[in-house]
Number of protein chains: 2
Amino acid sequence: MSMDALQEKIRKMKNPSMVGLDPSPELIPDCVLQKAFSELGETPQGLAKAYLHYCRAILEALKELVPAAKIQTACFEALGSYGVAVMQELCAAAREMGYYVLLDSMRGDAPHIAALYAQAVFGQVEIGEKRYRPYVCDAVTLNGYLGSDAVKPFLPYCKEEGKNIFLLVKTSNRSGREVQDLIAGDRVVHTAMADLAMRWSTDLIGRSGYSEIGAVMPATDSRALSTMRKKYDRLFFLVAGFGAQGGTPKGVSNAFDEFGHGAIVTASRSILGAWKKAETDGADFAERALEAAVKMKKDIGKYVTVI
Amino acid sequence: MSMDALQEKIRKMKNPSMVGLDPSPELIPDCVLQKAFSELGETPQGLAKAYLHYCRAILEALKELVPAAKIQTACFEALGSYGVAVMQELCAAAREMGYYVLLDSMRGDAPHIAALYAQAVFGQVEIGEKRYRPYVCDAVTLNGYLGSDAVKPFLPYCKEEGKNIFLLVKTSNRSGREVQDLIAGDRVVHTAMADLAMRWSTDLIGRSGYSEIGAVMPATDSRALSTMRKKYDRLFFLVAGFGAQGGTPKGVSNAFDEFGHGAIVTASRSILGAWKKAETDGADFAERALEAAVKMKKDIGKYVTVI
């Protein structure tokens, strides 16, 4: 899927939100955990199976409502190869259900390693005469601290296959400003990063007016969203930190253009852990997640009309 | 192992170098590939097995000579769960052979994800009543673009268990300067990053005078090594980009203090691919790797005396 296709999907569903799959043991109801443990023991395999069951059920429940899913790689990598196997399966399952799939790994490595990583997430790995596609996804998050040559290996996939990268521009955590807001001449570091994203976007602007390169922006800083929306009208924003981290529906509305386009808001724990807030035993986790996702759509809809 | 222990190991072996395990199909001799493929087919399992055999043999060959090993996670992740299983096995094998093991994943994520990652690489993941240690390593590389709260989850492990983090300060790739050399007041971005590393180092300075937090620095920029060595005399340098990327023995000597301490130089392709340079069929890959590692030690030894 390209950024145009993502925008079109958002427009059709009238829902600029993304469900984040960041599973952790405390977000999984006991009934799901115990079932997996009874089959596979209290092992990484067991917990990985619980993650798979849980995340897949949530994806199923939300698939008519939510256009995109974000998979947090660290949650799965914490279970070693068993977690990674489940992550690969979830990527493919989400794609099959019609989601735009973002692999949230925040990588940023030297050029020859970046090339390898780009091939693994967007292309096919060569194994003798065979080809292998380890991850099925539409987009990844990238850290641009290493500059252009570490990002360029991803660009042919953006150009030719409509893959997307979301560059970390400004993050929602409290300390983000320590580096990202350093003043550098007439810019700050995070606008310098956005300028790089724009420079790499030559030839990557789609029909929607947005580049195949997006920017990660903080739900928690509505002023920054407003300023950056005006200044970088070609960069699609992935707005992180909604809900649990403090971003509000009104605040995030600044990330959108006049047509309600150009941004998507991601929420993880508020959806995955909705059953906990409802104080149930968790057997109804999927319905609770759906309720939370419906509420998120409505809440954002009060301030953003996607036309 | 702590940074003190690493320094002591370097001192005993008189060798401030680190072997980087960045396997890729073109670095593996045909005989190794074909043996693995004949058992497991041209599959990710097959290639992962070839990586395991290859890397383990090189670790065995170098274990009396080289104090530390760096494992590049992306090379293994490109083979999905099969690659990750092999990476876990290699971490443990390297540790057992006595190496200081650095997991080179260049992560940098939001605080709650950072906490999870720190636990996975340095601690134990809780699975029901059980505990699981997915990766066995002494250190990781980190990207500090998100600032303090994304690094702090790692610090208790540095303080209490002598684990180390190497912060990306200045990298060896050509475009590194685009962000890292932006002028920010009386600093540049990469010195601001080093300042953060120093700020986090309170209570983390060991007997050797170096912090448990190190800095990734470029083998390719001897002037920067010299300036930064003087300015940041508590930061142990991980010097990357030697050999294949253009760093020279004389150039990297600037990374060391007057005792030949405070830095380690990493080389990957020049050691892993030594048999290719020697134009053999690769059956002798381990001896060739050892030769290359001996040469690297000697070359650096011309300019650096570890006392």
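Here is the size of the stretch A:260-301 from its Cα atoms: Rg then Dmax, 11.5, 38 Å.
Measuring nothing but how far apart in sequence close Cα pairs (under 8 Å, 6+ apart) lie, relative to its length, the stretch A:21-79 scores a relative contact order of 46 percent.
What ranking do B:MET228, B:MET198 get, fewest neighbouring Cβ atoms within 10 angstrom at the top?
Lowest count first: B:MET198, B:MET228.
Here the protein assembly as shown was treated as a single set of alpha-carbon atoms; its pair distances binned every 20 Å from 0 give 21, 55, 24, 1 percent. Counting Cβ atoms of other protein chains within 10 Å of each Cβ in A:142-155 and taking the mean gives 5. Inter-copy label distances at B:LYS230, shortest first and taken from points set 7 Å along Cα to Cβ: 4.5 nm.
If you wrap the tightest convex hull around every Cα atom of the stretch B:87-139 and split its volume per residue, you get 78 Å³. Qualifying GluC sites (Glu not before Pro) in the stretch B:1-69, where qualification requires a DSSP coil assignment and no more than 12 other C-beta atoms within 10 Å, comprise B:GLU64.
Using 1/(1 + (r/R0)^6) with R0 = 45 angstrom and r between the beta carbons of B:GLN124 and B:ASP30, what's the FRET efficiency to the nearest 0.05? Each step should come with its number before you reach the end.
Numbers: r = 40 Å, r/R0 = 0.90.
Calculated transfer efficiency: 0.65.
Between identical copies, the spacing of A:GLU39 label points, each set 7 Å from Cα toward the C-beta atom, reads 3.0 nm from nearest to farthest. When you restrict to C-alpha pairs under 8 Å that are six or more residues apart and normalise by the size of the stretch A:3-301, the relative contact order lands at 19 percent. Among the GluC sites (Glu not before Pro) in the stretch A:222-307, those located in a DSSP loop and surrounded by at most 13 other Cβ atoms within 10 Å of their own Cβ are A:GLU258, A:GLU279.
If you look at the Cα atoms of the stretch A:149-239, you get an Rg and a Dmax of 13.0, 37 Å.
The eigenvalues of the Cα gyration tensor, multiplied by 5 and square-rooted, give the stretch B:213-298 an equivalent ellipsoid with semi-axes of 29, 11, 10 Å from largest to smallest.
With contacts taken as Cα pairs under 8 Å and at least 6 residues apart, the stretch A:224-307 reaches a relative contact order of 31 percent. Distances from A:ALA244 to itself in the other copies, using label points 7 Å out along the Cα-Cβ axis, amount to 3.8 nm in increasing order. What lysines sit close enough to B:LYS277 to cross-link, taking a C-alpha to C-alpha distance under 23 Å and skipping anything fewer than 8 places away on the same chain? Cα-Cα hits under 23 Å: B:LYS35, B:LYS63, B:LYS70, B:LYS250, B:LYS295, B:LYS297, B:LYS298, B:LYS302. Note on B:LYS250/B:ARG187: beta-carbon distance plugged into 1/(1 + (r/R0)^6) with R0 of 25 Å gives a FRET efficiency of 0.35. Percent of Cα pairs in the stretch B:106-208 per distance bin of 10 Å, from zero to the largest separation: 14, 42, 30, 11, 3, 0. Taking a straight line from the alpha carbon of B:LYS159, these lysines sit under 21 Å away, with near neighbours fewer than eight places off in the same chain left out: B:LYS9. Note on chain B: along the principal axes its Cα atoms extend 59, 54, 37 Å, ordered by decreasing extent. Counting beta carbons within 10 Å around each of B:SER17, B:SER38, B:SER148 and listing the fewest first gives the order B:SER38, B:SER148, B:SER17. Residue-normalised convex hull volume from the C-alpha trace of the stretch B:233-280: 77 Å³ per residue. For the stretch A:171-272, trypsin sites (Lys or Arg not before Pro) meeting the loop criterion (DSSP other than H, G, I, E, B) and having at most 15 other Cβ atoms within 10 Å: A:ARG207. The Cα atoms of the stretch B:17-161 define a convex hull whose projected area, averaged across directions, is 10.1 nm². Neighbours of A:ILE205 by Cβ distance under 12 Å: Lys/Arg scored +1, Asp/Glu scored -1, total -1.
The numbers here are math on the coordinates, done by the rules we state, and not lab data. Predicted model, so just to flag it, every value in this text is computed and none were measured. Because the Cβ atoms are built from the backbone with ideal geometry, glycine has one as well, and the counts that use them run over all protein chains shown.
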